[in-house]
Amino acid sequence: MQIQLITFEIDAKMLAVDIMAVREIRAWTPTTPIPNAPPFVRGVVNLRGLVLPVIDLSERLGWGRVEPCERNVTIVVEIAGQLTGLIVGSVNDIVTVDQDEIQPPPNMGGPEGENLLEGLASVDDRMAMILKLGFMGAGADIAAVMEAA
């Protein structure tokens, strides 16, 4: 069985998500900060009347905070029934991968490491890290922050 992934980059690292979770790709727009939000939540933007939380994916993955600029892109994905924006460096391509070719993520010893990735796939002679969107905990965390605001 084959799946389609959308690939993107953060600091020359290739990542991917299942294209079925992607709702749209938007140019970067500044966010409005929300009090008491987790550090990786950069704030919210108005998406056609919907309040869209925006996550700094680099910070969420432990790679450091990004200072977004007009070159950055926001990928709008659905996580646990909620639309969420992910700040990334650039979007690459849509690729089709055989599920048999997806390698399980290595066990790095940490409990959270198991939850970050669905797996790894070779794409154009590079290794793409396929994100497990549910790991972000963004749905519950952001919903709680939004209700408190």
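Checking Asn115 against (1) surrounded by 15 or more Cβ atoms within 10 Å (Cβ to Cβ); (2) at pLDDT below 90, which single condition isn't satisfied?
Only one criterion is unmet by Asn115, namely (1).
Report whether or not Leu47 is within 29 Å of Asp125 (Cβ to Cβ), crowded, with 17+ Cβ neighbours inside 10 Å and either free of Cβ contacts under 8 Å to residues at least 40 places away in the same chain or not charged (D, E, K, R) (or both).
No: the conditions fail for Leu47.
I'd like to check which strands (runs of 3 or more DSSP E) are fully inside the range 13-95 and have at least 2 residues that are in contact with a helix residue (DSSP H, G or I) (Cβ under 7 Å, 6 or more places away or on another chain). So that I can check it myself, show each step before the final result.
Working: elements: 13-18, 22-27, 41-47, 50-56, 73-79, 82-88.
By residue number, 50-56, 73-79, 82-88.
The values are calculated or read from the model by the stated rules, or taken from the named source; none is laboratory data. As the structure is a prediction and not an experimental result, all values here were calculated from the model. Here the Cβ is made from the backbone with ideal geometry for all residues, glycine too, and neighbour counts use every protein chain on show.
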